[in-house]
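One structure below.
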Amino acid sequence: MKALEGVKVLDFTHVQSGPTCTQLLGWFGADVIKVERPGVGDATRKQLVDVPGADSLYFTMLNHNKRSIELNSKNETGKEILTRLIEECDVMVENFAPGALDRMGFSWERIQEINPRMILASIKGFGPGKYEDCKVYENVAQCAGGSASTTGFRDGPPLVTGAQIGDSGTGLHLCLGIVTALFQREKSGRGQKVTAAMQDGVLNLCRVKLRDQQRLNAGPLTEYSQYGEGVPFGEATPRAGNDSGGGQPGRILKCKGWETDPNAYTYFITQAAVWEKVCDVIGAPEWKTAEGYAKPIDRLDKLNEIFDRIEQWTMTKTKFEVMDICNPLDIPVGPILSTKEIMEDDGLRATGTIVDVDHPERGTYTTVGCPIKLSDSPVEVTRSPLLGEHTAEILQTVLGYQGDEMERVIASGAVGDANEIAAE
Ligand code: CAO
C-alpha cells in the first residue's frame with residue numbers, strides 16, 4: 001500500500017514546475033494521468049534531444065510514474081472526455097499560461113460544478129497583481145523572487161543559480177498544498193483551489209535575505225565579508241559571494257588539485273563551538289587564545305585573513321581528505337561534488353536517490369529518484385510514459401468507454417491516432 005493509493009490525479013502540467021509536483025504525487029502512490037496534446041505532447045519530449053527519435057532526458061526525468069493520454073481539450077469530444085476525467089479524479093494540476101484553462105472552457109467555477117470534491121492546483125509565474133498575466137520561466141522567477149539580486153559576488157552582476165528553485169521549488173510547494181487540501185477534504189468533503197506562484201516560491205526560499213534587508217536598519221551586516229573589508233553597505237541586501245548566510249562564517253576554499261579540477265574545493269565553516277579544533281587542525285594554535293581571534297565577535301573583521309590561512313591548509317589536502325580529517329572533529333565541511341561524482345555516489349544509489357531506469361526508446365538512463373523517504377510507502381521509480389501510451393487503457397478502465405462509444409471517441413480525432421490506439 002502506498003501513501004496516496006486510490007488518489008487519481010489529472011495531470012495537465014508541462015515543462016518542469018508542474019511535472020515536478022505530479023511526479024512526487026506519483027511516487028507517493030497516486031495514479032497520475034498525464035493529458036497531452038495529440039501528436040505533440042509535452043514540449044519537453046522533443047527539447048534538448050540527445051538520442052534521436054527518443055523522448056529527451058528533460059522529459060523522462062520529470063515524468064516518472066505517470067500514464068499518458070493524448071487528448072485535444074479544445075475539440076468537443078475532447079471536452080466531453082475531459083469532463084469525465086474531472087468527474088473521476090481527485091486532483092487536477094496545471095501550469096498553463098494565465099487564463100488558458102478558462103479559454104478551454106474549464107474555469108474553477110465550472111470544475112466545481114462538475115466535481116465539488118476536486119482540488120484544482122495551479123502554478124503561475126506571479127500571483128494576483130500587475131504581473132499576473134505574464135508567462136514565466138525559471139530564471140525570470142529567480143530574478144523576481146530575490147534570488148538573483150542576492151547571488152553572486154558583490155563586484156559582479158546578479159547570478160542565477162543551477163538549482164531550479166523557480167520550477168522544481170514551486171512544484172514542491174504546490175505538492176504540499178495539494179496533500180494539505182486532500183487532508184482538509186477528509187473533514188470538509190469539499191475540494192478547493194491551490195495556487196503557488198513561482199515568484200512567491202523563490203521568495204520563500206530567500207526568506208533569510210529579507211531578514212538581512214531589515215537587519216540593515218540596525219547597522220552593517222557583520223557576518224558578511226564586505227564588513228571586514230570595510231566596504232559600506234547600500235540600501236538592499238548585497239550579494240554575499242560564498243559567505244555562509246548564517247551566524248557561522250563559512251567560505252568555499254581551494255583544495256589540492258584546484259589548478260586543473262574545477263571542483264577541487266571544499267566548503268569550510270568556522271563554527272564557534274569548534275574554533276579551537278579548527279586552530280589546531282590548520283596549525284594556528286595561537287589563535288585559540290590570541291586577542292582578536294579567540295572570541296567569534298572579534299573575528300568578524302578578520303574573516304579574509306582567517307579563511308586565507310585555512311585555505312593554505314586545505315590546499316594541501318584533497319576535498320575528501322579535508323572531509324575525513326574534519327568530520328571526526330565535528331568541524332562542518334562539505335566537498336564541492338561534481339554532477340559526475342554525484343551520479344557515481346554509492347551512498348546516493350543505496351538510498352534510491354540516484355537510480356537507473358530502463359526506457360524502450362533510449363535504453364538505460366540515470367535519474368534522481370524521490371528525495372523524500374516514507375518508511376511505510378517506499379518509492380519504485382518507473383519509466384516515463386510514451387506519448388499516448390495509455391490512451392485506450394484510460395478511456396476504457398478509468399472512464400468506462402466500450403464498443404460503439406469507444407469507436408465514436410476515437411473517430412472524433414480527440415484522442416490521437418486511431419491506428420496507434422487500436423494497436424495498444
Ligand atoms: N489540447 C488542446 N490545447 C492544449 C492542450 C491540449 N491537450 N494542452 C495545452 N493546450 C493549449 C493551451 O490551452 C494553450 O492555448 P491558448 O493559448 O489558446 O489558451 C496553448 O496550448 C499553449 O499553452 P501555454 O500558453 O501554457 O504554453 P506556452 O508554451 O506558450 O507557455 C509557459 C509555456 C511555461 C511559459 C506557460 O505555460 C506559463 O507561463 N506557465 C505558468 C508558469 C510556469 O509553470 N512556468 C514554468 C515553466 S517551466 O516549468
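Using Stokes-Einstein with the Kirkwood hydrodynamic radius over Cα pairs, what translational diffusion coefficient do you get for the chain at 10 °C and a viscosity of 1.306 mPa s, in µm²/s rounded to a whole number? It comes out at roughly 65 µm²/s. Would you mind getting me the FRET efficiency between ASP308 and GLU186? Use the beta-carbon distance for r and R0 = 56 Å, nearest 0.05. According to the calculation, E is roughly 0.45. Using Stokes-Einstein with the Kirkwood hydrodynamic radius over Cα pairs, what translational diffusion coefficient do you get for the range 250-377 at 25 °C and a viscosity of 0.890 mPa s, in µm²/s rounded to a whole number? The Stokes-Einstein estimate is 145 µm²/s. Note on the range 375-408 and the range 223-262: Cα centroid distance 51 Å, given to the nearest whole angstrom. Per the Debye formula with a single identical scatterer at each Cα and no solvent contribution, what log10 I(q)/I(0) holds for the range 56-183 at q = 0.09, 0.11, 0.14 Å⁻¹? Cα-only, vacuum Debye calculation for the range 56-183: -0.35, -0.51, -0.79.
Helix 17-27 and the long axis of the chain differ in direction by around 80°, with both axes built from C-alpha atoms. Please build a GNM for the chain, connecting alpha carbons under 10 Å apart, and tell me which residue among GLY177, GLY189, GLY230 fluctuates the most. Looking only at GLY177, GLY189, GLY230, the largest GNM fluctuation is found for GLY230.
DSSP beta bridges confined to the chain are antiparallel in about 40 percent of cases.
When the chymotrypsin sites (Phe, Trp or Tyr not before Pro) in the range 26-131 are filtered for DSSP coil states and for at most 11 other beta-carbon atoms within 10 Å of their beta-carbon, no site remains. Using a ≥ b ≥ c from the Cα gyration tensor of the range 1-76 (square roots of the eigenvalues), is it rounded, prolate or oblate, where a/c under 1.5 gives rounded and otherwise the larger of a/b and b/c decides, a/b for prolate? The shape class here is oblate. Put a dot 7 Å past the Cα of LEU386, heading toward its Cβ, do the same for LYS130, and the two dots end up 5.1 nm apart. Using the alpha-carbon atoms, what tilt in degrees (0 to 90, nearest 10) does helix 167-188 show relative to the longest principal axis of the chain? Tilt relative to the chain: about 60 degrees. In the chain, taking the dipole from charged Cβ atoms about the Cα centre, the farthest positive-side position among ALA418, THR195, MET104 is held by THR195.
I need the calculated FRET efficiency for the pair PHE320 and LEU176, taking r as the beta carbon distance and R₀ as 56 Å, to the nearest 0.05. Step by step, r from the Cβ atoms, then E = 0.95.
Think of each Lys and Arg Cβ as +1 and each Asp and Glu Cβ as -1; about the Cα centre, that makes the dipole of the range 332-388 roughly 140 debye. Rg and Dmax of the range 1-44, both derived from C-alpha coordinates alone, stand at 11.1, 35 Å. Candidates GLN16, ILE86, ALA273 compared by Cα position along the dipole of the chain: farthest toward the positive end lies ALA273, with charges placed on Cβ. For a Förster distance of 25 Å, can you work out the FRET efficiency between the beta-carbons of ILE297 and GLU259, rounded to the nearest 0.05? Step by step, r from the Cβ atoms, then E = 0.10. Across the alpha-carbon atoms of the range 108-153, the computed radius of gyration and Dmax are 15.8, 53 angstrom. Model label sites at ASP346 and ARG215, defined 7 Å from Cα along the beta-carbon direction, differ in position by 4.1 nm. Residue separation of GLU76 and LEU329 scaled by 0.36 nm, minus their Cα-Cα distance, works out to 84.3 nm of gained length.
In terms of its C-alpha gyration tensor, the range 186-282 has a prolate overall shape, because the principal axis ratio a/c (a ≥ b ≥ c, square roots of the eigenvalues) is not below 1.5 and a/b outweighs b/c. Which of THR180, THR60, THR151 moves most in a GNM of the chain, Cα contacts under 10 Å? Largest GNM mean-square fluctuation: THR180.
Packing, as the average of other Cβ atoms within 10 Å across residues, places the peptides 403-409, 3-9, 109-115, 81-87 in the order 81-87, 3-9, 109-115, 403-409, highest first. Relative intensity of the range 226-279 on a log10 scale, I(q)/I(0) at q = 0.16, 0.17 Å⁻¹, equals -0.67, -0.74, per a Debye sum over C-alpha point scatterers of equal strength in the absence of solvent. From helices alone, the chain scores -9500 deg cm²/dmol at 222 nm; the rule is -39500 (n - 2.57) for each run of n ≥ 4 DSSP H residues, then divide by the residue total.
Cut-off 10 angstrom, C-alpha nodes, Gaussian network model of the chain. Which of CYS134, CYS143, CYS255 fluctuates the most? Result for the chain, Cα springs under 10 Å: CYS134 fluctuates most. The loop-placed GluC sites (Glu not before Pro) in the range 356-389, going by DSSP, that have at most 12 neighbouring Cβ atoms within 10 Å of their Cβ come out as GLU361.
The overall shape of the range 128-190, judged from the alpha-carbon gyration tensor, is prolate: a/c is not under 1.5, and a/b is greater than b/c.
Rule-based calculations on the coordinates, nothing more; no lab input. Just so it is clear, the structure is predicted and the values come from calculations on it, not from any experiment. So basically every Cβ, Gly included, is an ideal-geometry build from the backbone, and we count neighbours across all protein chains shown.
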